[in-house]
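The values are calculated or read from the model by the stated rules, or taken from the named source; none is laboratory data. Quick caveat: nothing in here was measured; it's all calculated off a predicted structure. Here the Cβ positions follow ideal geometry from the backbone for every residue, glycine too, while neighbour counts run over all protein chains shown.
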Amino acid sequence: MMNKNQKGFSLIELLIVVAIIGIIAAIAIPNLLASRRAANEGSAQQSLRTMGSAEATYYSTAGNGNYGSFAQMQGQQLIDSVLASGVKSGFNFAGGASATNPTTAFTIAAAPTNNTGVTATGTRDFCIDQTGVLVGRTSTSTTPATVCTIVAGGFQPVGN
């Protein structure tokens, strides 16, 4: 039996609303993930610039002509504990003063913790050395590079 004042939505109307919400989500989620990857990569670039500046400061002050490790730079309060840990914003960081000659060289690199699939934290690796040039390349590994070679290593200057 049907009442004259029966109110509410039909099943078809509810299914249409759910379908519309599904379509909107299908469009929005990939853009959200791409924005997150871009933000992680921007954070990695800025972190490398900060660490490059910290190395130059350490070299001129506490290092007495030597570049330092992450721990040494943190000890001088040139970088924070998050950067010194080697993991920040979905990127792994590695490097520091050259083991063979800390007076003339350092290399600091960043690689995404996950570089493939929907959950990728980034798609590019970044690197900076004593020249102060920030370089990047398409990520092939989650392990940070050991050298910032522009030609042979596939790196290209960022922002050029």
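Report whether or not Ala38 is part of a loop (DSSP other than H, G, I, E, B) and either loosely packed, with under 14 Cβ neighbours inside 10 Å or not hydroxyl-bearing (Ser, Thr, Tyr) (or both). No; evaluated as a whole, the condition is false for this residue. Whenever a residue of region 60-73 is at negative phi, its partners that are part of a loop (DSSP other than H, G, I, E, B) and not charged (D, E, K, R), lying with C-beta atoms within less than 6 angstrom and at least six residues away or across chains, give the pairs Ala62/Gln76; Asn66/Pro102; Asn66/Thr103; Tyr67/Pro102; Met73/Ile79. All of (1) in contact with an Asp or Glu (Cβ under 6 Å, 6 or more places away or on another chain); (2) under 20 Å from Asp125 (Cβ atoms) hold for Tyr67 with one exception: (2). Here the condition is being without any contact (Cβ under 8 Å) to a residue 12 or more places away in the chain, within 30 Å of Gly122 (Cα to Cα) and surrounded by 10 or more Cβ atoms within 10 Å (Cβ to Cβ); of Ala25, Ala97, it holds for Ala25 alone. Step by step: first the residues of region 41-59, then only those that are without any contact (Cβ under 8 Å) to a residue 24 or more places away in the chain and buried (at least 17 other Cβ atoms within 10 Å of the Cβ), then the one that is nearest to the chain's Cα centre (by Cα). Which residue is that? Here the answer is Tyr58. Within region 130-160, the set of residues being crowded, with 17+ Cβ neighbours inside 10 Å, assigned to a strand (DSSP E or B) and without any contact (Cβ under 8 Å) to a residue 60 or more places away in the chain comprises Val135, Arg137.
Scanning region 74-94 for residues that are on the phi > 0 side of the Ramachandran plot and crowded, with 19+ Cβ neighbours inside 10 Å yields Ser89, Gly90. When residues in region 123-160 are screened for being at positive phi and either of a type in the set (Ser, Thr, Tyr) or in contact with a Gly (Cβ under 8 Å, 6 or more places away or on another chain) (or both), 1 of them pass. Checked against the criteria, Pro102 does not count as in contact with a strand residue (DSSP E or B) (Cβ under 9 Å, 6 or more places away or on another chain), touching a residue at least 24 places away in the same chain (Cβ under 8 Å) and surrounded by 21 or more Cβ atoms within 10 Å (Cβ to Cβ). Set side by side, the residues Gly96, Gly68 differ, and just one is over 30 Å from Ile29 (Cβ atoms), of a type outside the set (Asp, Glu), in contact with a helix residue (DSSP H, G or I) (Cβ under 9 Å, 6 or more places away or on another chain) and assigned to a loop (DSSP other than H, G, I, E, B), which is Gly68.
In region 110-126, is there at least one residue being of a type in the set (Gly, Ala, Ser), over 21 Å from Val147 (Cβ atoms) and surrounded by 18 or more Cβ atoms within 10 Å (Cβ to Cβ)? The answer is yes, given that some residue of region 110-126 is of a type in the set (Gly, Ala, Ser), over 21 Å from Val147 (Cβ atoms) and surrounded by 18 or more Cβ atoms within 10 Å (Cβ to Cβ).
Given the condition charged (D, E, K, R), on the phi < 0 side of the Ramachandran plot and within 24 Å of the chain's Cα centre (by Cα), answer yes or no: does some residue in region 13-27 qualify? So far as region 13-27 goes, no, none of its residues is charged (D, E, K, R), on the phi < 0 side of the Ramachandran plot and within 24 Å of the chain's Cα centre (by Cα).
Looking only at residues in region 119-130 that are hydroxyl-bearing (Ser, Thr, Tyr) and at pLDDT 90 or above, the one that is nearest to the chain's Cα centre (by Cα) is Thr121.
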